[in-house]
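**Student:** The following block contains the structure, expressed as structure tokens.
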Amino acid sequence: MNVLVTGATGRVGSRFVPRLLQQRGVSVSVLVRRPERAESLRRLGAQVVQGDLLQRDTLTKALERIDTIVHLAAFFRGATDAEAHEVNDTGTEMLAERIPFRKRQRKGSYCDSKSPRAWGCESSVWLSSTEKATRTCASSCLA
């Protein structure tokens, strides 16, 4: 399984990625704006991909060969309402628009642990191409 994690250098991601890297058969890529912040994750075996949720071209490249996305990126501390909306809502929508398996190009899964408002859900979001990428609320990632 090839997993892309956004928000890997944040509070949740920096704890989640090392555990994910311990799983057998899992290859982990992390999408980061500043690669130097992900050096410890690279040393553990993560592939560091420089990019930004708000830059379509970097998202498309980051999603190559990915079959599972764990979207943990969020902006809230010190953010204005406009900045938080841009990253948390617009960035999430831009990521979701580019998911290759959403349009049944291939099998895959998407888990969003913190931006469910973009999908109209109260909890985490799970999308699976095996269910036509329908919107479903779920409580856990990588179930």
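**Student:** Looking only at strands (runs of 3 or more DSSP E) that fall completely inside segment 16-128, which ones have 2 or more residues that are over 13 Å from the mean Cα position of the chain (by Cα) and modelled with pLDDT of 80 or more?
**Tutor:** Result: 47-50.
**Student:** Right, something else. Quick check, is Ala143 loosely packed, with under 12 Cβ neighbours inside 10 Å, modelled with pLDDT under 50, assigned to a loop (DSSP other than H, G, I, E, B) and among the hydrophobic types (A, V, I, L, M, F, W, C)?
**Tutor:** yes
**Student:** Leu21 fails exactly one of the following numbered conditions: (1) buried (at least 20 other Cβ atoms within 10 Å of the Cβ); (2) in contact with a Leu (Cβ under 7 Å, 6 or more places away or on another chain). What is the number of that condition?
**Tutor:** Failing condition for Leu21: (1).
**Student:** Scan Thr58, Thr68 and give me the residue that is over 15 Å from Val3 (Cα atoms) and not acidic (Asp, Glu).
**Tutor:** Going through Thr58, Thr68 in turn, the sole match is Thr58.
**Student:** Now for a different question. Just to check your reading of the model, which residue among Val26, Val49 is under 24 Å from Arg98 (Cα atoms), among the β-branched types (Val, Ile, Thr), touching a Ser or Thr at 6+ places or on another chain (Cβ under 6 Å) and touching a residue at least 24 places away in the same chain (Cβ under 8 Å)?
**Tutor:** Val49
**Student:** Of all residues in segment 60-84, count the ones that are free of Cβ contacts under 8 Å to residues at least 60 places away in the same chain and either farther than 21 Å from Val26 by Cβ or in contact with a Pro (Cβ under 7 Å, 6 or more places away or on another chain) (or both).
**Tutor:** Residues flagged as free of Cβ contacts under 8 Å to residues at least 60 places away in the same chain and either farther than 21 Å from Val26 by Cβ or in contact with a Pro (Cβ under 7 Å, 6 or more places away or on another chain) (or both) within segment 60-84 amount to 12.
**Student:** Does any residue in segment 87-102 that is within 18 Å of Val32 (Cα to Cα) and among the aliphatic types (A, V, I, L, M) come within less than 8 Å, Cβ to Cβ, of a residue that is in a helix (DSSP H, G or I) and modelled with pLDDT of 80 or more six or more places away or on a different chain, and which pairs are these?
**Tutor:** From residues that are within 18 Å of Val32 (Cα to Cα) and among the aliphatic types (A, V, I, L, M), the pairs are Met94/Arg56; Met94/Leu59; Leu95/Leu59.
**Student:** May I ask you to say which residue of Ala46, Ala84, Ala74, Ala79 is surrounded by 14 or more Cβ atoms within 10 Å (Cβ to Cβ), under 16 Å from Val3 (Cα atoms) and not hydroxyl-bearing (Ser, Thr, Tyr)?
**Tutor:** When all the criteria are applied, what remains is Ala46.
The values are calculated or read from the model by the stated rules, or taken from the named source; none is laboratory data. Remember, predicted model here, so these are calculated numbers, not experimental data. Reconstructed Cβ throughout: ideal geometry from the backbone, glycine too, with neighbour counts over all protein chains shown.
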